[in-house]
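> Shown below is the structure under consideration.
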Amino acid sequence: MFLIFATGVAESKVYLDVYGKTYKKITIGVPSFQSDRPDRLRMDMSELLNQDLDLSGFFVVAPNSLLDRELTEEGIEKKDIKFTNWRSLGIELLCKSKLSIANGEVALESYLYDTLDGSLLLAKRYRSRPEEWRKLVHRLADDILLAVTGEKGIMSSRVVFVSGSKRNKDVYIAGIDGQNVRQITSFHNITVSPSISPDGKFLAYTSYKEGKPNLFIMDLETGKDIHSEREDGMKLGTTWFGKSILGYAKTSGHQSTIYTLDAASRQKKTLFTKEGILASPSFSSDGTKMAFVSDMYGSPQVFMRDLSSGEVKRLTYSGNYNTSPAFSSKGDLIAFVAKINGSFEICTMNIDGSNQRVLTSGGINDSPHFSPCGRYIIYSSKKGDQYNIYIMLYNGENKRMLKLVNKDTEQPKFVP
């Protein structure tokens, strides 16, 4: 897919401070794409853009039923648009696009305007093969988020997850829109705890494919394992940091150990060993801190370890079950799971343990993981008979279920 930057875009400014304590959603109008060939594709692309912007959590997308014929038949360039008419409907931002198809290629010319003064916030032309039109629309949605918030959206993102039955689980990768689902493992056994390296080259996972819960690292290009750990014990909680450093925990007998492994050099390092539980390591993006779970005070709680000094600090005190910590890529928050009134809830806290907030309500919620931009948390949730994967803003707003496969979906992580 190609994209061409147009000229005349207004100086970039952030319309939404999405990391503030509160923010007001912006109302955006996305009229149906114009086209010399009024076929179904332009309608599908328009609808997908509306869905993407709605999923982002930062927009109220004005329904097309609100728009009269005069508005929908306007041109897409500034000189053709009556901004006062759009503003009178409460629409603050306006995205106008024109679709063309020629020589086996889809081209989309798109403009984003501020209806208050008609200033141009985004002007781009995208090109792709017809079968990849969804990627084109996701790219436009992400660029709109960039123009409005200062950071790109996640609509082009992929997720890795586990799906299957109680005795047969495998690893899958899919687009966040549920398209292009690809099964990565097929061992007719239990495979869990997947994570993909920051460079996108390696998949770490734990599998019973050899009868024991062994750790493997797969080269995603070849589909072949480049490393395995077959020592006795359960190896779980794979997580990456740096370019190719894998962290994980192993429990054998009464002793637990947290290791790091450099996937490139195969060098293994012991970070922490003790009697009892050590689990769920998560590392800050700069690699200086590690959040983890331990029962050193009797029940599972979340701790922080400074990797240079070795100093350990307890972060959670409320309740008798706090686990599954996950650092935000921003380095300012940790998501975790707490048992509250019989339910398992996704929570967040500052990295010093302060300002703990409960984001979910009821059921079994597990496996939180932040998006690369730090604005979203993906997690699994069970309210009934089936686990599903959800996404929400880091403050708990705009919860949405992702429709990936029609069976249990668990342990999601964003693909770098």
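> Keeping all protein chains in position, work out how much accessible area Tyr208 exposes to a 1.4 Å probe, and write it in Å² to the nearest 10.
70 Å²
> Full-extension gain between Ser252 and Met401, please, as 0.36 nm times their residue separation minus the C-alpha to C-alpha distance. Mind showing how you got there, number by number?
Numbers: separation 149, 0.36 × 149 = 53.64 nm, distance 3.65 nm.
Length gained between Ser252 and Met401: 50.0 nm.
> Pop a pseudo-label 7 angstrom from the Cα along the beta-carbon direction at both Arg129 and Lys224 and give the gap in nm to one decimal.
2.7 nm
> Starting from region 222-324, pick out the chymotrypsin sites (Phe, Trp or Tyr not before Pro) whose DSSP state is loop and whose Cβ has at most 16 other Cβ atoms within 10 Å.
Passing both the DSSP loop test and the Cβ count: Tyr297, Tyr317, Tyr321.
> Work out the charge dipole of the chain with +1 on the Cβ of Lys and Arg and -1 on the Cβ of Asp and Glu about the Cα centre, then indicate which of Leu49, Ala263, Ser100 is farthest towards its positive end.
Ala263
> In nm, what is the difference between 0.36 nm times the number of residues separating Lys330 and Leu41 and their Cα-Cα distance?
100.3 nm
> Still on this structure, I have one more. At Asp352 and Lys24, where each label point lies 7 Å from the Cα along Cα→Cβ, what is the point-to-point distance in nanometres?
3.3 nm
> Moving on to the next point. Calculated FRET efficiency, Glu77 and Asp199, Cβ-Cβ r, R0 51 Å, to nearest 0.05?
0.80
> What 222 nm value per residue comes from the helices of the chain, counting each DSSP H run with n ≥ 4 as -39,500 (n - 2.57) and dividing by all residues, nearest 500 deg cm²/dmol? Could the numbers behind the result be given before it?
Values: 4 runs with 44 residues, N = 416.
So the helix-based figure for the chain works out to -3000 deg cm²/dmol.
> What is the dipole size for the chain, taken about its Cα centre, with +1 at each Lys and Arg Cβ and -1 at each Asp and Glu Cβ, in debye to the nearest 20?
720 debye
> Taking R0 as 35 Å, what FRET efficiency do you get between His188 and Ser88 from their Cβ-Cβ distance, rounded to the nearest 0.05?
Approximately 0.05, to the nearest 0.05.
> Which value, in debye to the nearest 20, gives the size of the charge dipole of region 190-316 about its Cα centre, when Lys and Arg are +1 and Asp and Glu are -1 at the Cβ?
100 debye
> Note down the net charge around Leu261, summing +1 for each Lys or Arg and -1 for each Asp or Glu among other residues with Cβ under 12 Å from its Cβ.
Counting the neighbours of Leu261, the net charge comes to +3.
> Just the number please: accessible area per residue for the chain, 1.4 Å probe, all protein chains included, in Å². Display every interim value, and only then the final one.
Details: 19000 Å² over 416 residues.
Spelled out: the 1.4 Å probe surface of the chain, per residue, equals 46 Å².
> Also: What percentage of the solvent-accessible surface of the chain, computed with a 1.4 Å probe over protein heavy atoms, is contributed by carbon and sulfur atoms?
The nonpolar share, carbon plus sulfur, comes to 47 percent.
> Provide the net charge surrounding Phe292, with neighbours chosen by a C-beta distance below 14 Å and charges set as Lys +1, Arg +1, Asp -1, Glu -1.
In short, +3.
> What FRET efficiency, computed as 1/(1 + (r/R0)^6) with R0 = 41 Å and r the Cβ-Cβ distance, is obtained for Tyr297 and Lys166, rounded to the nearest 0.05?
Working: r = 33 Å, r/R0 = 0.80.
Taking R0 as 41 Å, the efficiency between Tyr297 and Lys166 is 0.80.
> A follow-up question, please. Any idea which of Ile389, Ala279, Thr72 is furthest toward the positive side of the dipole for the chain, if Lys and Arg beta-carbons carry +1 and Asp and Glu beta-carbons -1?
Ala279
> Under 13 Å from a label point 7 Å along Cα→Cβ of Ser343: give me every residue in region 369-385 with its amide N that close.
381-384
> Which is farthest toward the positive dipole end of region 250-358 among Met304, Phe336, Ser252, measuring Cα position about the Cα centre, with Cβ charges +1 (Lys, Arg) and -1 (Asp, Glu)?
The residue sitting farthest along the positive end of the dipole is Ser252.
> A further question on this structure: Go through Ser309, Ser328 and list them by solvent-accessible area, largest first, probe radius 1.4 Å.
On the way: Ser309 80, Ser328 0 Å².
So, going from the largest accessible area down, we get Ser309, Ser328.
> Ok, one more. For Arg69 and Lys268 in the same chain, what is the full-extension length gain: residue separation times 0.36 nm, less their Cα-Cα distance, in nm?
65.1 nm
The values are calculated or read from the model by the stated rules, or taken from the named source; none is laboratory data. Note that this is a predicted model, so its numbers are computed, not measured. Reconstructed Cβ throughout: ideal geometry from the backbone, glycine too, with neighbour counts over all protein chains shown. SASA here: full protein model, heavy atoms, side chains in, ligands and nucleic acids out. Shrake-Rupley method; radii C 1.70, N 1.55, O 1.52, S 1.80 Å.
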